[in-house]
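Engineer: Questions regarding the structure given below will be posed in turn.
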Amino acid sequence: MGTYPTGALASAVWIDLLDPSPEEVQQAHEATGLHVPTRHEVSEIESSSRLGFDEGAYYVSTPLVAPSGDGEVVLTPVGFVLAARVLITVRFAEVKAFDEARAACEKGREATAEEVFLRIMETVVDRAADGLEHAGGECDALSRSVFRLQEWKSEGLRGALQKIGHIANKTSRVRDELLGVGRIATFVTESGLRGAPPVNAGRMKAVRADIASLTDYETRLSGNVQFVLDASLGFINIEQNEIVKTLTIASVVGIPPVLIAGIYGMNFHVMPELSWPLGYPMALVVIVVSGAIPLIWFKKRGWM
């Protein structure tokens, strides 16, 4: 937030605190008279701690999706304090939905705390929809590659599983985000608290409808991800079975020749074939035949 004159903060309709220092928290409190929730308070997971009302202001919080440094997405706690005149947001990581909401508010009519709050909720849902749509495209592309043997071979089993994990992580984070925003929308529109700041019920109803449809889409997408995962594990089992089959054939074919060679390599003094001129050729023929018989048997059974 930075340091601002108390008068400037007192006239602001949106105070956005990004990983605030104690001095910034104190400034916001003095300018608005509202309690600024701490990181611990906005990180609580029980609904009673995430949804509250006190002295004419809503105190709500939810985890929102934020980018991480490794290309994945993470959840970061975000708190909202909505009063009739001012909205205070407390977050501890960059959330792109806030930047988009700020730009939209600057382009539109004169913003109010209610307008900013609704704009943030709508932007979060829009970005969640985009994230699920992108994850769905990735899942469809991966599904097509899994069932094309040549592409599957070139891509590699490990790479396919990593992609599945990436998609599952993204959809899981978006699902948690939508769940939190849906709870906030329900609480704000249906609480019926006396002295509560006004919130446009029609726009909130649209947000809740979008969340319901996106939740259904996420459920179907999670089923597709599970299907691709099962198919990938099935291909892994097939690869393993092929390896085990090859080793089994090699061991079965190699046992009889080794056994015969071992018998005639014992070098006992009394062995009938030692003095027989055809003993050596006979042993070679027996070794070849003993190895050929299992090969013929495996071929008839379709193992080769």
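Engineer: Of the conditions (1) surrounded by 15 or more Cβ atoms within 10 Å (Cβ to Cβ); (2) farther than 30 Å from Ala84 by Cα; (3) modelled with pLDDT of 90 or more; (4) not small (Gly, Ala, Ser), Arg220 fails just one. Which one is it?
Structural biologist: Evaluating Arg220 over (1) surrounded by 15 or more Cβ atoms within 10 Å (Cβ to Cβ); (2) farther than 30 Å from Ala84 by Cα; (3) modelled with pLDDT of 90 or more; (4) not small (Gly, Ala, Ser) leaves (1) as the failure.
Engineer: Does Ile260 qualify as being assigned to a helix (DSSP H, G or I) and surrounded by 14 or more Cβ atoms within 10 Å (Cβ to Cβ)?
Structural biologist: yes
Engineer: Kindly indicate whether any position in segment 135-143 is under 30 Å from Val60 (Cα atoms) and at pLDDT 80 or above.
Structural biologist: yes
Engineer: Conditions first: (1) surrounded by fewer than 16 Cβ atoms within 10 Å (Cβ to Cβ); (2) farther than 18 Å from Phe147 by Cα. Ile236 passes all but one, so which condition is the exception?
Structural biologist: Failed condition: (2).
Engineer: Shifting gears a bit: Go through segment 284-296 and give me each residue that's within 15 Å of Gly262 (Cα to Cα) and either charged (D, E, K, R) or surrounded by 16 or more Cβ atoms within 10 Å (Cβ to Cβ) (or both).
Structural biologist: Answer for segment 284-296, where residues must be within 15 Å of Gly262 (Cα to Cα) and either charged (D, E, K, R) or surrounded by 16 or more Cβ atoms within 10 Å (Cβ to Cβ) (or both): Val286, Ile287, Ser290, Gly291.
Engineer: Same structure, new question: Only one of (1) at positive phi; (2) outside the structural domain of Val285 (by TED's automatic domain parsing) is not met by Asn267, so which one is it?
Structural biologist: Every condition holds for Asn267 apart from (2).
Engineer: Any residue in segment 59-77 that is modelled with pLDDT under 90, buried (at least 19 other Cβ atoms within 10 Å of the Cβ) and not hydrophobic (A, V, I, L, M, F, W, C)?
Structural biologist: Scanning segment 59-77, I find no residue that is modelled with pLDDT under 90, buried (at least 19 other Cβ atoms within 10 Å of the Cβ) and not hydrophobic (A, V, I, L, M, F, W, C), so the answer is no.
Engineer: Only one residue in Glu94, Glu100 is surrounded by fewer than 18 Cβ atoms within 10 Å (Cβ to Cβ), on the phi < 0 side of the Ramachandran plot and assigned to a loop (DSSP other than H, G, I, E, B), so which one is that?
Structural biologist: Glu94
The values are calculated or read from the model by the stated rules, or taken from the named source; none is laboratory data. What you see is a predicted model; the values in this text were computed from it and never measured. No Cβ is skipped: glycine too gets one built from the backbone with ideal geometry, and neighbour counts run over all protein chains shown.
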